[in-house]
1. Could you check what % of the DSSP bridge pairs in the chain are antiparallel, to the nearest 5?
2. Projecting each Cα onto the charge dipole of the chain (Lys/Arg +1, Asp/Glu -1 at the beta carbon, about the Cα centre), which of 113, 57, 153 comes out farthest on the positive side?
3. Among 158, 112, rank each residue by its count of other Cβ atoms within 10 Å, from fewest to most, as a rough exposure measure.
4. For the chain, with only Lys/Arg (+1) and Asp/Glu (-1) charged at the beta-carbon, what is the dipole magnitude about the Cα centre, in debye rounded to 20?
5. Need one number: the % of Cα-Cα pairs in region 142-231 sitting beyond the 18 Å mark.
6. Show the residues, 5+ positions off or on another chain, whose built amide H is closer than 5 Å to the amide H of residue 14.
7. Determine how many Å³ per residue the convex hull of the Cα atoms of region 129-192 encloses.
8. Report, to one decimal in Å, the Kirkwood hydrodynamic radius for region 95-203 based on all distinct Cα pairs.
Amino acid sequence: VELDASIMDGTRHRAGAVASLRDIRNPISVARLVLERTHHTTLAGEGALRFALQMGFKPEQLLTPESLKKWLDWKADPKRPTFWQNPSENHDTIGMVATDGKGHVVAGCSTSGLAWKIPGRVGDTPLVGCGVYADDNIGAATATGNGDLMSNYCTSISIIHYMARGASPQEACVALLEHIAKTDPANRSGDVCVLALNAGGEVGAAAMHKGNRLKYALWREGKSELLESIALY
Ligand code: GLY
């Protein structure tokens, strides 16, 4: 189990991130301390773990008995999906964007990456500009889906750039997905889901394909709603 996470503060234009972090349950809390306590932006692997331990995080076994059994079954299957030849898209990423209503925006993202990934694989989540971006002058964006595909499009900063050129958060999400689909029509079936928000509290959300729908929770003025984004294809 290797976890990736990042967090970005749109006022300071500063992010903190950890990649391939083992044995620590809440990687985004470690990412936040990289931001708050160091002059670095990203720590990875063994160094990220050592930093977490120095900051007082307790190591624990993150593989549950259920996930250990799944892994053993996968390992025993000669036809198992692998990222050498026949990948399966299977992830559980949480992306968040928020504003305080006074012009301050933040973004955060956390994941265990893709199931059956090659050890050491880093997805989009801890890459600043891919998994997260936040700039008080424009807004914040995050992404969930196939991080190997999305890293190639610098998803979050691309959305922010569309917004900087006048697009609403919703228009910016759609514009990026259309661009990804246009450069390679095979991407139309890809697992690409994005969320964005501007400092005024306008929200955008879109999924590339209806097979990978994006459900998102919107919390505003004490009320929370579970919504579903549009899907382009
Ligand atoms: N978005 C999760 C990952 O691909 O790592």
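1. Numbers: 42 of 48 bridges.
For the chain, the DSSP antiparallel bridge percentage is about 90.
2. It is 57.
3. Values: 158 22, 112 19.
By the 10 Å Cβ count, ascending: 112, 158.
4. Working: 24 positive and 25 negative charges, 73 e Å.
Computed charge dipole of the chain: roughly 340 debye.
5. On the way: 1593 of 4005 pairs.
Distances greater than 18 Å cover 40 percent of the Cα pairs.
6. Amide H to amide H, under 5 Å and 5 or more residues apart or across chains, residue 14 pairs with 9.
7. Values: hull volume 4.4 nm³, N = 64.
So the per-residue hull volume is 68 Å³.
8. Working: mean 1/r = 0.0726 Å⁻¹.
After inverting the mean inverse Cα-Cα distance, the result is 13.8 Å.
Each value in this text was obtained by applying a stated rule to the coordinates, not by laboratory testing. Predicted model, so just to flag it, every value in this text is computed and none were measured. Reconstructed Cβ throughout: ideal geometry from the backbone, glycine too, with neighbour counts over all protein chains shown.
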